[in-house]
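Colleague: Dropping the structure in here first, questions after.
The values are calculated or read from the model by the stated rules, or taken from the named source; none is laboratory data. Since this is a predicted model, take the numbers as computed values, not measurements. Every residue, glycine among them, receives a Cβ derived from its backbone with ideal geometry; neighbour counts consider all protein chains shown. The area values use the complete protein model at the heavy-atom level, side chains included, leaving out ligands, DNA and RNA. Shrake-Rupley method; radii C 1.70, N 1.55, O 1.52, S 1.80 Å.
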Amino acid sequence: MSRILLIDAHPQATSLCAALAHSYAQGASERGGVTVRTLALRDMQFDPILRVGYDDRQALEPDLQMAQAAIEAADHVVIVTPLWWGSVPALLKGFFDRTLEKGWAYRYTEKGMPEGLLAGRSARVVMTSDSPGWYLRLFQGNPTQNQLVRSTLKFCGFKPVGFTRIGPVHSSTQEQRARWLQEVERVAEKDARQLQPTSARTANA
């Protein structure tokens, strides 16, 4: 059975991101028929600061060792995060800094070109924002989408990488949020079915 690793990057358990992560997990497991494991970064114990930069290796805490093992075991990795100040929460950035180690998630060839070492896995980003999509695209150039999709996940070898934007959140109604939860559940089901072997998809049709 295919395996999805779901990373909830919001610091609050009562956030819309947490609810979206729950909906994705339901859609993938109950409707898509795959195994889903969820990591809520807020519940993990690790130092988010890369204390020595990349000059030396900083020993991984047990929770980060567990996270690396979960990423290695996954066929598909999903990151649910808010957009804050044109970037991601410090918690998620610190998780990337500490977990995506050189020599484990990527390396450089003799010619100096980066090579992703987590190839063979697909990914998706589900991102909430207060700004509308047209503003982020036309006036900011989608910096957070590019950071997550191109400069992080694809850099480490994930392919393909899907992207789902949810928002604007600040002006949303309860009815709109309910529709978003349903939308993410449908996206999860679709992602899960694409992971299944052709024979399994045919049997489930």
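Colleague: Taking a ≥ b ≥ c as the square roots of the Cα gyration tensor eigenvalues, with a/c under 1.5 meaning rounded and otherwise prolate when a/b beats b/c, else oblate, which class fits the chain?
Modeller: Oblate, since a/c reaches 1.5 and b/c is not below a/b.
Colleague: Over region 88-167, give the accessible area per residue in Å² for a 1.4 Å probe, as an integer.
Modeller: Here the residues of region 88-167 average 49 Å² of exposed surface.
Colleague: May I pose another question? Return the loop-located GluC sites (Glu not before Pro) in region 104-205 (DSSP other than H, G, I, E, B) with at most 10 other Cβ atoms within 10 Å of their own Cβ; answer none if there are none.
Modeller: In loop regions of region 104-205 (DSSP not H, G, I, E or B), the sparsely surrounded GluC sites (Glu not before Pro) are Glu110.
Colleague: So how do Trp180, Trp104 rank on accessible area, 1.4 Å probe, biggest first, that is with the largest at the start?
Modeller: Reading off the accessible areas and sorting them downward yields Trp104, Trp180.
Colleague: Among Arg137, Arg193, Arg37, which one shows the highest mean-square fluctuation when the chain is modelled as a Gaussian network with alpha-carbon springs under 10 Å?
Modeller: Maximum among the listed residues: Arg137.
Colleague: Return the carbon/sulfur percentage of the accessible area of region 82-205, one whole number, probe 1.4 Å, all protein chains in place.
Modeller: 52
Colleague: A follow-up question, please. Simple spin-label model, 7 Å along Cα-to-Cβ: Ala178 to Leu117 in nm?
Modeller: Between Ala178 and Leu117, the label points sit 4.8 nm apart.
Colleague: What does the extension gain come out to for Asp63 and Ile49, with contour length at 0.36 nm per residue minus their alpha carbon separation?
Modeller: 3.6 nm
Colleague: Not counting ligands, DNA or RNA, and with a 1.4 Å probe, what is Asp8's accessible surface area in Å² rounded to the nearest 10?
Modeller: My reading of the accessible area for Asp8 is about 10 Å².
Colleague: On to the next question. With a Förster radius of 30 Å, plug the Cβ-Cβ distance of Ser151 and Glu110 into 1/(1 + (r/R0)^6) and report the FRET value to the nearest 0.05.
Modeller: 0.85
Colleague: Also: What does the accessible area of Val187 come to, in Å² to the nearest 10, when a probe of 1.4 Å is used?
Modeller: My reading of the accessible area for Val187 is about 30 Å².
Colleague: Please work out whether region 1-52 counts as rounded, prolate or oblate from its C-alpha gyration tensor, where a ≥ b ≥ c are the square roots of the eigenvalues and a/c under 1.5 means rounded, while otherwise a/b larger than b/c means prolate and anything else oblate?
Modeller: Oblate, because a/c is 1.5 or more while a/b does not exceed b/c.
Colleague: So which lysines can Lys111 reach, going by Cα to Cα under 18 Å and dropping same-chain residues fewer than 8 places off?
Modeller: Leaving aside lysines fewer than 8 places away in the same chain, those within reach of Lys111 are Lys102.
Colleague: Cβ under 9 Å from Gln145's Cβ, Gln145 left aside: what net charge do those residues give with Lys, Arg +1 and Asp, Glu -1?
Modeller: +3
Colleague: Starting at the first residue of region 181-189, write each ³J(HN,Hα) from the Karplus equation 6.51 cos²θ - 1.76 cosθ + 1.60 with θ = phi - 60°, in whole Hz, x for Gly and Pro.
Modeller: Working through the residues one at a time gives 4, 5, 4, 5, 5, 5, 4, 5, 4 Hz.
Colleague: Sticking with this one: Given contacts defined as C-alpha pairs under 8 Å and at least six residues apart, what's the relative contact order of the chain, whole-number percent?
Modeller: Relative contact order comes out at 27 percent.
Colleague: For region 98-153, what's the relative contact order in percent, using C-alpha pairs closer than 8 Å and at least 6 residues apart?
Modeller: Value for region 98-153: 21 percent.
Colleague: Then there is this: Would you kindly find the accessible area of Tyr54, with a 1.4 Å probe and non-protein molecules such as ligands, DNA and RNA excluded, rounding to the nearest 10 Å²?
Modeller: 150
Colleague: For region 96-192, what does the alpha-carbon gyration tensor say about shape, rounded, prolate or oblate, given a ≥ b ≥ c as the root eigenvalues, a/c under 1.5 as rounded, and a/b over b/c as prolate?
Modeller: prolate
Colleague: Suppose we keep just the DSSP beta bridges with both residues in the chain; what percent of those would be antiparallel, to 5?
Modeller: 15
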